[in-house]
Amino acid sequence: MKKLPLILSVIALAGVVALFILYFSANSSKTEDRITKPAYSSDGGGLKVAYIQTDSVLINYQLAIDLNDDFIAKQTQYTEDFAKKRSNLEQQAVAFQEKLQRGGFLTEDRAMKERDRILGEEQEMQQLDYELSNKLAQIEREINIQIIDSIVGYVKEYNKMHNYDYIFSNNGNIIVGAEQFNITKDIVEGLNARYSKKEK
C-alpha cells in the first residue's frame, strides 16, 4: 500500500494557493487610512506588494498540522489492517502448499477448490489495496482543499485590512524578496488565532 506523505503533497499544491491568492487578493476599493505598511515599487509608482512563505505557513498552521496528524493516523490504521489481512492470506497459502505437497487433500477436486478460494482471496486483497489507496488519496485531496480554502479565505480577509495590490507566494514565484514585505508571520499567527477560536 502506498504511503502518501500529506505535508509534502500540501506543499506541492502551494502553487495552486499562490494562484488563488493572486486572483483574490487584489482589493479594488483602496483607502489610504487602511494602509499599515509603506507601499513600494521598483519604479516608485506606489504598488503595494507582500509575499508569503507558503511552506512555512503549512508547517506552522495548526489546522494543517492537525489534519496531517489525523491523516497519518488513518493511513497507519489502514496499513496495519491491510498488513494483518495480507499476512493471514500468506499463511493460508503456505498451509495450502504444505498440505498439497504431503498429499493432505482427499481428492484433487478439494485441493482445486481450496486453491481457487485462496486465489479469490488474493484478488479481494488486490481490490482492497486499490480501494484503500483511493480512499486515502480522496481524504488527502479533501484535506488539501480544506487547507487551501482556509488560507485563501484568511488572506482575503487579511488584505481587507492591509490593502495590498498583490500578495505573492514564494513557492515558484519569488526568488528574492525583501524581509519587510514578508507577511508570513502575520498570516500564520492570524490563521492559528482563528483556528484556535473555532476549536473552543
message = At 0.36 nm per residue, and after removing the present C-alpha to C-alpha distance, how many nm does the segment from Leu100 to Asp55 gain when stretched out fully?
response = 10.5 nm
inquiry  = What distance in nm lies between label points placed 7 Å from Cα along the C-beta direction at Lys156 and Lys198?
reply    = 1.4
ask   = Got a sec? How would Val49, Val188 order by Cβ neighbour count within 10 Å, fewest to most?
value = Val49, Val188
note = With x for Gly and Pro, the residue-by-residue ³J(HN,Hα) of the range 96-109, computed from phi through the Karplus equation 6.51 cos²θ - 1.76 cosθ + 1.60 at θ = phi - 60° and given in whole Hz, is 4, 4, 5, 5, 5, 5, 8, x, x, 8, 5, 9, 5, 4
note = When Tyr154, Tyr130, Tyr166 are ranked with the fewest other C-beta atoms within 10 Å first, the list becomes Tyr130, Tyr166, Tyr154
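FYI, it's all coordinate maths here, none of it is from the lab. Because the structure is a prediction, the values reported are computed rather than measured. For neighbour counting, all protein chains shown are included, and Cβ atoms are generated from backbone atoms with ideal geometry for every residue, glycine included.
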